[in-house]
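The values are calculated or read from the model by the stated rules, or taken from the named source; none is laboratory data. What you see is a predicted model, and the numbers here were worked out from it, not measured in a lab. Backbone-built Cβ (ideal geometry, glycine too); neighbour counts: all protein chains shown.
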Amino acid sequence: MGGRLFYQTHLAPLLVMQGSISEVKLDVLHKDRSHIPIVINAKRLLRDGEWLLKVAAFIARDRDKYERELLLSRKTLEGAAAEATRLKKQSEDRALFAEQMIGIVSHDLRNPLSAIRLGMQLLDRQGVTPQQRETLGRVNRAVDRAHQLIKDLLDFTSARIGSGIAVNLKSSNLHDVVADTVEELTLAFPDRRIAHLREGTGSCELDANRIAQALANLVSNAVAYGQIATDITVTSAMTPKGWYVEVHNWGHPIAGAAMEMLFMPMVRGVTEDSGNRNVGLGLFIVNEIAKAHGGVIEVTSTAALGTAFRLAFNDMPRDA
């Protein structure tokens, strides 16, 4: 009955309007109640005053099997695409939640660390033995590292879910900013010689604190991964096209695979069992600082020339 209805409502009207039909697929019911896939072509002819149908029918088992497999594959693909979309959304939600939690926890850790530092200052004023003062010094350095970690985590959160790392650009003498930073880093790393080279003169628009932060991260990496007993060179340069700061060190070149992921967050430059452990945000933040200034960071690393990280900016210099 269903076939008859299909013929009366679809095929017969098409034959009247077009005079023919082609490539129509039908399921013909065999006498053993099985279904045979058939493809027909039909043409309506007027002969001796009567309308006749000339029909060519072909058994199409292979075609039917192919079409069914194609439909099944399409449904499977649509299901896989929907699942991939769901997993991607779930991953994005989890990443956003994790980044928000990092920001919240990092912010809330500042208060207890400030209390620890205040307590150490009070103990020091009350008079302590040399051994106790040495212990307080170690605790104080640990607090400094914790503060730096919190600062990096907050910058990471701002860069990922905020509007990016904030900078306060002011006209500054690049060489003076870098010289002050190098002086502080020399005190922080007394066992390594940090040389400062100056090229050109003039001032530029920069955030002195952010440039100092970037240099501190780069020099810290140079100390951690560079060859011991070799100089670390920090260059500040003013050029006709802009300005740049560069940190160079000697040591094993960075591997090609590692180079591709240098500026990704939560990626360390050392193996898990190395003594140089960190969260893996330093170079990510350096890259964000460069972008916030409208610049880029460039890296070269070979055994012959050493490793150099350069923050390059196209700001035209002004006269000093």
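Side notes on the structure shown:
- Flag for residue 303 being in contact with a Pro (Cβ under 7 Å, 6 or more places away or on another chain), at pLDDT 85 or above and of a type in the set (Gly, Ala, Ser): yes
- Condition check for residue 179: within 30 Å of residue 240 (Cβ to Cβ), at pLDDT 90 or above and either outside any strand (DSSP E or B) or of a type in the set (A, V, I, L, M) (or both): yes
- Test: residue in the range 70-84 that is in contact with a Leu (Cβ under 8 Å, 6 or more places away or on another chain) and either more than 30 Å from residue 154 (Cα to Cα) or not in a helix (DSSP H, G or I) (or both): no
- Residue within the range 160-167 that is in a helix (DSSP H, G or I) and closer than 20 Å to residue 265 by Cα present: yes
- Among (1) over 30 Å from the mean Cα position of the chain (by Cα); (2) at pLDDT 95 or above; (3) polar (S, T, N, Q), the one test that residue 203 misses: (2)
- The numbered conditions (1) among the charged types (D, E, K, R); (2) surrounded by 11 or more Cβ atoms within 10 Å (Cβ to Cβ); (3) at pLDDT 90 or above; (4) part of a helix (DSSP H, G or I) are all true for residue 99 except (3).
- Number of the condition not met by residue 67 [criteria: (1) surrounded by fewer than 12 Cβ atoms within 10 Å (Cβ to Cβ); (2) part of a helix (DSSP H, G or I); (3) not hydroxyl-bearing (Ser, Thr, Tyr)]: (1)
- The requirement of being over 25 Å from the mean Cα position of the chain (by Cα), under 15 Å from residue 244 (Cβ atoms) and crowded, with 18+ Cβ neighbours inside 10 Å is fulfilled nowhere in the range 207-226; no residue meets it.
- Search result, residues across the range 214-247 that are small (Gly, Ala, Ser) and under 15 Å from residue 307 (Cβ atoms): 220, 222, 224, 226
- Enumeration of residues in the range 185-204 that are surrounded by 14 or more Cβ atoms within 10 Å (Cβ to Cβ) and not in a strand (DSSP E or B): 185, 186, 188, 189, 192, 200, 202
- Among residues of the range 55-69 that are within 14 Å of residue 36 (Cα to Cα), those with a beta-carbon under 9 Å from a residue that is among the polar types (S, T, N, Q) at least six positions away or on a different chain give the pairs 57/41; 58/41.
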